[in-house]
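Data first, discussion second: the structure below is written as C-alpha cells.
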Amino acid sequence: MNYFLTDEEQMILETSRELAVKKVKPIREHYDAEGIFPWDIVKEMSNLGLCGLYIPEEYGGMAAGGSKGIMQLVLCVEEMSKICGGISLAMAASALGTFPILLGATDEQKKKYLPDIAEGKKLAAFGLTEAGAGSDAGSMRTTAVKKGGKYVLNGTKQWITNGSEAETYTVFAMTDKAKGTRGCSCFIVEKGTPGFTFGKKENKMGIRASATTELIFQDCEVPAENLVGGREGLGFIHAVGTLNHSRPGVAAQALGIAAGALDEALAYSRQREQFGTKISSFQAVQHILANMAVEVEAARGLVYNVARAVDKGATDFAKDSAMAKYYASEVAMRVTTNAVQVFGGYGYMKEYPVEKMMRDAKITQIYEGTSQIQLNEIAAKLIKEQAMKKK
Amino acid sequence: MKIVVCVKQVPDTTNIKVDPETGTLKRETAGTVMNPFDMYAIEEGLRLKEKLGGTVTVVSMGLPMAKDMLKIAIGMGADEAVLLSDRRLAGSDTWATSYALAKTCEKLGYDVILFGKQAVDGDTAQVGPSTAAYLNAPQITWVKKIREINEKEIIAERLMEDGTDVVKASLPVVLTVVKEINEPRLESLKGKMRAKKYEVPTWTLDDIAGDEAMVGVKNSPTRVNKSWTPVREFGKAELISGADAAETADKLYVKLKELGFVK
C-alpha cells in the first residue's frame, strides 16, 4: 500500500532498512542467544542520525516544523524490528524514557538532557513498573521525600528496559502518598548517582538482546532541579502522556516483527518443496500467507494513522494509540505463530529466524500496557464518548 | 589536507552474465553500482579527514548516470563530487583514463589521492598506478593500513601474498586500498538529505585543460584481441582414502610423488 511518505520519511526508512539488513541481520541470532546489548548498533544509529527522530530540532533532534516526529520514530522502529525486535528496542525504549522529559520537563531540563539522547551519546530508560505495581501503576511504593534542595528516593523498580545500559532514567515515585495518583512525581536520575544501583539482569523469553533490570534506590539523593517540570504531583499525568505517545512506537515494533515474519514465511514458501512442488502453490499455505499480509497491512494502517495524527497535533488520541498498540501486538503474535507454521519443523528450530520472532512478539502484548489494559482503555473511552454525545 | 578519491561505476557483478558467444559482459542486463573497492577508498578518505581535517572530493569519469553513484559518496560524508564526462573521452582505456584523472586531480589540488585496488569489471588495477605516474607522485598500492600520516609523509602497510610490506612515502601520494583496510560506513540521514539536493558538477576535457590527442578510443593503446570464458574441466578429482589417517597420508604421499609435486 502506498502511504505517500515524504522524502524525509522515505530516507529514514531506507537508512533504517540498510542498517538493519547490513549490520543487524548478521548478528541477531548471536546477540539473542548470548543476551548481548547492541551498543555497536546504537553507535551506528548515532552515526546515521537515527537516535533523535522524535526529539525537536532545537534540542538536537530531527523532529521539525512542529511535528512530534512520531511517524519518523515509527518508520525506524518498524524497519529495525523487521530484522530484530530485540535490538531495535535499545532506541525505542530510550524514546519511552525520554517522553516524560519531552512532555513535562522545563526548558532547562530539556536543554540539559535531550541533546545527548538525540545524538545517541546516551540512552534513556523509563522507570514506572514495580513488583506490586504493574497494570495498577497507581499502587507504586517507591517514595521521594524532599530534604532541603534534594529529594531522597527509596524503592525498587522492576523489569526496566535499558536498565544499567542507559545513562538517563525517568523514575516515578510518590511524593505524597495520601493524594494517591496525584501524589506521584517524576524525577530524572542519572546513572552513577549514589544510592542508585541495578538488580539482576533478567533472563527473558524474547527480546533477549535488550537489557531488563531492576532499578534500586536506597536513600538516593536527587537534586530538586531534577523533578520533571519543577512541580510535584504531575508524575501520573506525565506517565499517562508518555504511554499514549510511546504506544505507536511499541505498535511499530510489533508491526515490524510481524512484517519481518511475513517476509520470511513468504520467501521460504517459494523455496521449500513438498509433494514435488513449491509449498507456495498449495492453497492451504497461500491462505495463511494472504491472511498474514492483510493483518500486517491493517496494523500498519492503524499505526501510521495514529502516528501522523499525533504529529499533526491531535490531543485526544489515547484511544487510537491504544487501538494501534493492541491490534499490532495481537497481529504480531498471530503472524509470527503462522510463520512458524509455514516453516513447519524448520520453523521450530533456532537455525531459522521465525522461532525468535515468535518469542520476541509475545512481549508486545504485555509491556507498556497489556492487551487487556488497552481494551479497558478503548472501552472506557468508547463509553465516555457516547455518554458525552447524549448530553 | 586535500583528499581526492577516484571511483568508478561498474556493472553489478552479483547480477551479471557473460555472453558465451563473444565472451564479453552482458552489461545491459546488470544494474550498475559503485566499484566495491572504491567504497573502501572513500571510507579511508573520510577517516583521514576526520583525523587531519581538510576536504574529501570524489571524482569519477563516466556517463552522466554516474552522478547517482557520486551522490552515494556525498551521503557517506564527502564534501564535494565531480563527474568528468565528455564525448571525447569515450572509449578511453586505462592509460587515457589515468591521464584524464591526473589532469582532474591537478585542477582540484591534492595531498592524498585514493583509489580502490582495482575495478571489478576490468580487473586491471592499472588506473591508480598510472595516474600516479602521470602526476609524478609516489604511489603505494594494496594498502591495508595507514600506520602514520602527517602533512609531509605517510607510512603504510601493503597486503602482499606472502606477508606485509611497510612503505614510507612523501606527500602528495597516490594510494590504492584493499578491502581489509576498513569497513565502509553507511550513508547517514543527514548525508542522504544533502545528497538529494546536491548538484554534481560535470567537467569536460576543457575544464581540466586536457589534450584531446591523449584521450578517447583513438588514443588508447590497449587492443583486446580476444576474450573468452575458460572451459572448466570436471571429473579429474581423485579421492584418496585409507583405513586410518596414517595409511591415507602414505597413499597421498605416493600419489604426490608420482605426479612430481614432492621429491
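Every number here is computed from the coordinates shown, using simple stated rules; none is lab data. Here the structure is a predicted model, which is why all the values come from computation and not from measurement. Here the Cβ is made from the backbone with ideal geometry for all residues, glycine too, and neighbour counts use every protein chain on show.
Worth pointing out:
- Between helix A:39-48 and chain A: long-axis angle, C-alpha atoms, 0 to 90°, nearest 10: 90 degrees
- The DSSP beta bridges internal to the protein assembly as shown are antiparallel in roughly 60% of cases.
- Length added when fully stretched, A:ASN203-A:ASN2, from 0.36 nm per residue minus Cα-Cα: 68.4 nm
- Approximate shape of chain B as ellipsoid semi-axes (Cα gyration tensor, √5λ), whole Å, largest first: 39, 25, 19
- Helix A:318-343 axis, angle to chain A major axis (alpha carbon atoms, nearest 10°): 40 degrees
- Ranked by how many other beta carbons lie within 10 Å on average, peptides B:8-18, A:201-211 from highest: A:201-211, B:8-18
- Taking a ≥ b ≥ c as the square roots of the Cα gyration tensor eigenvalues, the range A:1-142 comes out oblate, since a/c reaches at least 1.5 and a/b does not exceed b/c.
- For the range B:2-219, the antiparallel share of DSSP beta bridges with both residues in that region comes to about 40%.
- Considering only B:ALA246, B:SER85, B:THR97, the residue lying farthest towards the positive end of the dipole of chain B is B:SER85, judged by Cα position with unit charges set on Cβ.
- Once you reduce the range A:170-240 and the range B:49-73 to the center of their Cα atoms, the two points are 48 Å from each other.
- In terms of distances greater than 26 angstrom between alpha carbons, the cross-link table entries B:LYS49/B:LYS190; B:LYS67/B:LYS103; A:LYS68/A:LYS122; A:LYS147/A:LYS201; A:LYS110/A:LYS204 yield A:LYS147/A:LYS201; A:LYS110/A:LYS204.
- Helix A:70-83 and the longest principal axis of the Cα set of chain A meet at an angle near 50°.
- Estimated FRET transfer efficiency when R0 is 35 angstrom, pair B:ALA90-A:LYS350 (beta carbons, to 0.05): 0.05
- Ranked A:HIS245, A:HIS287, criterion: other C-beta atoms within 10 Å, fewest first: A:HIS287, A:HIS245
- Here's how it looks for B:THR32: its modeled amide H is under 5 Å from those of B:ASP12, which are all 5 or more places away or on a different chain.
- Stretchable slack from A:ALA131 to A:LYS312, in nm (0.36 nm times residue separation minus alpha-carbon distance): 61.5 nm
- Loop-resident GluC sites (Glu not before Pro) (DSSP state other than H, G, I, E or B) in the range B:1-92 with no more than 10 further Cβ atoms inside 10 Å of their Cβ: B:GLU21.
- Label-to-label distance, nm, for residues given as A:GLN341 and B:GLU183 (7 Å Cα→Cβ offset): 3.9 nm
- Between A:PHE275 and B:GLU258, the FRET efficiency from the beta-carbon distance, with R0 = 60 Å, is close to 0.75.
- Gain on full extension, evaluated as 0.36 nm per residue between A:LYS25 and A:HIS287 minus their Cα-Cα distance, stands at 91.5 nm.
- Each of B:VAL143, A:VAL145, A:VAL24 has some number of other Cβ atoms within 10 Å of its Cβ, and from fewest to most they run A:VAL145, A:VAL24, B:VAL143.
- Virtual spin-label span in nm between B:LEU52 and A:LYS146, 7 Å along Cα→Cβ: 6.0 nm
- Take the Cα of A:ARG334, step 7 Å toward its Cβ, do the same at B:GLU238, and the gap between the two points is 6.5 nm.
- Inter-chain Cβ neighbour average for residues B:179-190, partner chain, 10 Å: 4
- Positive contributions from Lys and Arg (+1) and negative ones from Asp and Glu (-1), summed over other residues with Cβ under 10 Å from the Cβ of B:GLU212, come out at -1.
- Within 10 Å of the Cβ of each residue in A:8-18, the mean number of Cβ atoms contributed by other protein chains is 3.
- The magnitude of the dipole of the protein assembly as shown, with charges of +1 and -1 set on the Cβ of Lys/Arg and Asp/Glu and taken from the Cα centre, is near 1380 debye.
- DSSP-assigned coil residues among trypsin sites (Lys or Arg not before Pro) in the range B:104-185, each with at most 12 further Cβ atoms within 10 Å: B:LYS152
- Per-residue Cβ neighbour rank within 10 angstrom, fewest leading, A:ASP360, A:ASP136: A:ASP136, A:ASP360
- Rounded to the nearest 500, the helix-only mean residue ellipticity at 222 nm of chain B stands at -9000 deg cm²/dmol, with each DSSP H run of n ≥ 4 adding -39,500 (n - 2.57).
- Tensor-based shape of the protein assembly as shown (alpha-carbon gyration tensor, a/c under 1.5 rounded, otherwise prolate or oblate): prolate
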